[in-house]
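See below for the structure under consideration.
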Number of protein chains: 2
Amino acid sequence: MSELVTPALIVDADALDHNLGTMAATLPGARMRPHVKAHKSTALAVRQAEAGHPGFTCATMAEVEGMAGAGLGRDLLLANEVVDARRLGAVVGSGARVTLAVDSSETVAAAADGGVREVVIDVNVGLPRCGCAPEDAGRLADQARSRGLEVRGVMGYEGHVVGLEDRAQRTAMVADCMALLVKAHADVGGDLVSAGGTGTYDINHWATEIQAGSYALMDTAYGRLDLPFRQALFVLSTIISVSPGWAVADCGLKSLAMDHGNPTVEGGTVWFCSDEHVTFGPTDPVQVGDRVRVVPAHVDPTVAYHRVMHLVRDDEVIGTMPVDLRGW
Amino acid sequence: MSELVTPALIVDADALDHNLGTMAATLPGARMRPHVKAHKSTALAVRQAEAGHPGFTCATMAEVEGMAGAGLGRDLLLANEVVDARRLGAVVGSGARVTLAVDSSETVAAAADGGVREVVIDVNVGLPRCGCAPEDAGRLADQARSRGLEVRGVMGYEGHVVGLEDRAQRTAMVADCMALLVKAHADVGGDLVSAGGTGTYDINHWATEIQAGSYALMDTAYGRLDLPFRQALFVLSTIISVSPGWAVADCGLKSLAMDHGNPTVEGGTVWFCSDEHVTFGPTDPVQVGDRVRVVPAHVDPTVAYHRVMHLVRDDEVIGTMPVDLRGW
């Protein structure tokens with residue numbers, strides 16, 4: 001890895017293999033619909049397809065376009081609302097299968113007008129974000145069908161639950177959320193009940209498919225949960241300055257997402273981050289030129305800062321995974 | 001602006017003009033060395049050069065390379081340490097002027113070995129980050145000269161002071177910081193005393209040049225200070241979902257830096273941000289499809305998420321400024 005310019009996003013190949021294999025063993029095939037927003041890389045999505053998962057979840061139209069363009073358009077779910085779906089209609093026209101989330105009359109109209117043929121009704125299961133009221137789902141489904149859209153079912157993301165560290169609490173709250181979704185599904189019909197994330201992949205027994213994304217690479221936030229996935233993603237950094245009591249590595253706010261708080265430095269305690277620096281207290285003496293691995297607190301918006309991920313094993317770079325699904 | 005795909009980074013042309021003009025009037029020519037890390041755009045740097053500033057500050061080697069490649073290499077200061085300066089030596093070889101910060105024997109050696117010819121001694125003035133101890137600056141300068149390097153002076157960034165909202169406190173602390181830098185300068189020699197930022201540009205009377213960057217675009221953090229600069233940068237977003245009590249705009253953690261906390265939404269109060277969403281409570285009723293402007297809390301790592309900034313006036317896009325200095 002010594003040839004890499006730092007900061008560099010590196011992925012432990014063995015940890016990645018472990019994570020993909022563990023998930024595919026628990027939720028094989030279509031029981032898992034990997035969310036590409038976590039890694040934004042068609043190269044990594046290829047690995048997930050090879051692990052047996054036929055469909056993918058996307059968060060942006062650019063992700064849908066990129067996945068279809070890379071030949072991964074067998075069954076793409078855009079789990080988000082858009083008010084102009086023409087770019088998605090063009091992807092459908094190119095032969096890919098695209099299903100779009102809708103939660104309002106306006107987004108139903110956008111889907112139909114934009115040339116999308118299949119939708120799911122997005123249901124609010126407790127997270128104050130997108131999603132219609134559960135009792136409104138049937139009406140929206142009727143509206144969608146009246147516009148000629150195929151309604152494949154429902155989705156409802158329990159995003160306020162997936163990160164809870166206490167498993168019992170997480171389990172109880174998933175049940176509450178999914179009771180709402182199952183009720184809405186009864187009104188809507190269709191085959192799909194799409195929900196879940198890395199924190200609930202094995203306790204959400206109501207969803208027909210789980211939309212987890214973070215499990216492949218992981219971060220310190222999910223690392224605190226009782227999950228069988230290993231930390232695979234690191235920001236490789238170089239120590240550029242050492243003072244009595246602290247050291248400075250050359251990664252910072254432009255290579256690490258900060259919404260979940262500070263990252264973790266192996267062999268030290270983080271004091272604070274600046275644009276291009278992490279100031280930390282090292283556990284053992286360090287020298288200018290030493291390299292350290294920094295573990296991001298939140299995987300998705302960390303990866304989005306980088307152009308490429310380097311796949312490494314035993315300190316050797318064995319592959320490159322471009323982060324080619326950035327932007328909108 | 002209706003043609004823009006959201007989220008989109010937009011820059012108010014009049015506010016930008018005001019900010020660049022105000023700074024150039026207060027600190028004309030070489031008294032100001034704009035820091036490109038705040039905007040990462042050679043197109044915006046051209047505007048700063050046209051405002052009369054001959055030199056620029058950079059934070060990364062990629063910024064130095066990009067600025068030189070764009071013909072803006074008259075006097076570039078990399079205000080940061082590197083342990084391998086060969087890429088900078090190549091830029092010097094191409095005819096640009098590059099001055100590198102050094103704060104240790106290792107970084108002095110890296111500068112000399114890499115083909116850099118000019119350095120400044122980086123002095124710790126109170127921020128626990130890079131910079132040598134003030135009393136060590138003279139020795140490092142001697143070491144640099146013994147390696148054949150031209151020592152242009154000192155730099156010392158009062159980064160722990162620039163954001164303080166109380167002007168009197170800020171003023172007092174700048175004096176303390178600069179006393180350290182002036183003392184180090186006496187031991188080092190050279191013409192440059194490089195320091196300061198947007199929060200101290202008009203109260204740091206010891207520096208011969210100010211390294212401010214944020215003043216051009218601004219953010220909510222600097223907006224709380226008593227500064228004459230206007231908010232020029234916004235993330236244009238589309239409302240994609242409306243529920244009783246809240247609405248959701250299509251920008252989030254991948255288009256907004258979060259290290260300074262939540263962004264601000266015009267016409268509403270932010271509840272929380274997700275990867276591609278801002279959930280907020282609107283002041284007045286909003287509809288799906290409405291557009292809102294979101295003000296970033298921290299300019300630098302917000303811009304680094306985007307490929308381009310759109311220059312707008314009276315809701316018309318009048319120009320494009322690529323964010324071409326991203327990466328490392």
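Couple of notes before you dig in:
- So A:Ser214, is it within 14 Å of chain B (Cβ to nearest Cβ) and either over 25 Å from A:Leu76 (Cα atoms) or surrounded by fewer than 22 Cβ atoms within 10 Å (Cβ to Cβ) (or both): no
- Within region B:50-59, none of the residues are surrounded by fewer than 24 Cβ atoms within 10 Å (Cβ to Cβ), over 28 Å from A:His306 (Cβ atoms) and within 9 Å of chain A (Cβ to nearest Cβ).
- Screening the candidates A:Pro301, A:Pro263 for the property of being in contact with a Cys (Cβ under 8 Å, 6 or more places away or on another chain) and closer than 30 Å to A:Tyr201 by Cβ yields one hit, A:Pro263.
- Matching residues in region B:35-49 - criterion: being crowded, with 23+ Cβ neighbours inside 10 Å and either hydrophobic (A, V, I, L, M, F, W, C) or not in a helix (DSSP H, G or I) (or both): B:His35, B:Val36, B:Ala38, B:His39, B:Lys40, B:Ser41, B:Leu44, B:Ala45
- Region A:19-34, residues that are out of contact with any helix residue (DSSP H, G or I) (no Cβ under 8 Å at 6 or more places or on another chain) and either at pLDDT below 95 or surrounded by 20 or more Cβ atoms within 10 Å (Cβ to Cβ) (or both): A:Leu27, A:Arg33
- Taking residues in region B:242-260 that are assigned by TED's automatic domain parsing to the domain that holds B:Glu276, and partners anywhere that are of a type in the set (Lys, Arg), the pairs with Cβ atoms closer than 7 Å and at least 6 places apart or on different chains are B:Val248/A:Arg129.
- Qualifying residue in region B:249-267 (condition: over 30 Å from A:Ala249 (Cβ atoms), part of a loop (DSSP other than H, G, I, E, B) and among the small types (Gly, Ala, Ser)): yes
- Taking region A:12-45 as the range and being over 13 Å from the mean Cα position of the chain (by Cα), closer than 24 Å to A:Ala195 by Cβ and small (Gly, Ala, Ser) as the test, the residues that pass are A:Gly21, A:Ala24, A:Ala25, A:Gly29, A:Ala30.
- Only residues that are touching a helix residue (DSSP H, G or I) at 6+ places or on another chain (Cβ under 7 Å), surrounded by 22 or more Cβ atoms within 10 Å (Cβ to Cβ) and more than 8 Å from chain A (Cβ to nearest Cβ) were counted in region B:233-260, giving 2.
- Enumeration of residues in region A:262-279 that are within 10 Å of another protein chain (Cβ to nearest Cβ) and touching a Ser or Thr at 6+ places or on another chain (Cβ under 8 Å): A:Trp271, A:Phe272, A:Cys273, A:Glu276, A:Val278
- All told, B:Gly289 meets the bar of being surrounded by fewer than 24 Cβ atoms within 10 Å (Cβ to Cβ), over 24 Å from the mean Cα position of the chain (by Cα), part of a loop (DSSP other than H, G, I, E, B) and at the interface with chain A (Cβ under 8 Å from one of its Cβ atoms).
- Among the residues making up region B:69-118, those that are charged (D, E, K, R), farther than 15 Å from A:Thr238 by Cβ and touching a Leu at 6+ places or on another chain (Cβ under 9 Å) are B:Arg97, B:Arg117, B:Glu118.
Results for (1) within 23 Å of A:Thr6 (Cβ to Cβ); (2) touching a Gly at 6+ places or on another chain (Cβ under 8 Å), shown as yes or no for each residue.
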| position | (1), (2) |
| --- | --- |
| B:Ala38 | yes, yes |
| B:Ala45 | no, no |
| B:Ala49 | no, no |
| B:Asn80 | yes, no |
| B:Val83 | yes, yes |
| B:Ala90 | yes, yes |
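- The conditions of being within 11 Å of chain B (Cβ to nearest Cβ) and surrounded by 23 or more Cβ atoms within 10 Å (Cβ to Cβ) are not met by A:Val308.
- Of all residues making up region A:229-260, the number that are closer than 14 Å to A:Leu217 by Cβ and in contact with a Phe, Trp or Tyr (Cβ under 6 Å, 6 or more places away or on another chain): 1
Listed here are the residues, each with its yes/no results for (1) within 12 Å of chain B (Cβ to nearest Cβ); (2) more than 16 Å from B:Ile240 (Cα to Cα); (3) of a type in the set (A, V, I, L, M).
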position: A:Thr22; (1), (2), (3): no, yes, no
position: A:Gly29; (1), (2), (3): no, yes, no
position: A:Ala79; (1), (2), (3): yes, no, yes
position: A:Leu100; (1), (2), (3): yes, no, yes
position: A:Val116; (1), (2), (3): no, yes, yes
position: A:Val119; (1), (2), (3): no, no, yes
position: A:Val123; (1), (2), (3): yes, no, yes
position: A:Cys130; (1), (2), (3): yes, no, no
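- Per-region count, region A:81-98, residues more than 14 Å from chain B (Cβ to nearest Cβ) and not hydroxyl-bearing (Ser, Thr, Tyr): 8
- Hey, B:Val5 within 12 Å of chain A (Cβ to nearest Cβ), assigned to a loop (DSSP other than H, G, I, E, B), of a type in the set (A, V, I, L, M) and more than 30 Å from B:Phe234 (Cα to Cα) or not: no
- Pair list, Cβ < 6 Å and 6+ apart or interchain, from region A:271-283 residues that are free of Cβ contacts under 8 Å to residues at least 12 places away in the same chain to residues that are buried (at least 22 other Cβ atoms within 10 Å of the Cβ): A:Phe272/A:Thr279
The values are calculated or read from the model by the stated rules, or taken from the named source; none is laboratory data. Keep in mind that this is a model prediction, so the values were computed, not measured. Cβ sites come from the backbone with ideal geometry, for glycine too, and all protein chains shown count toward neighbours.
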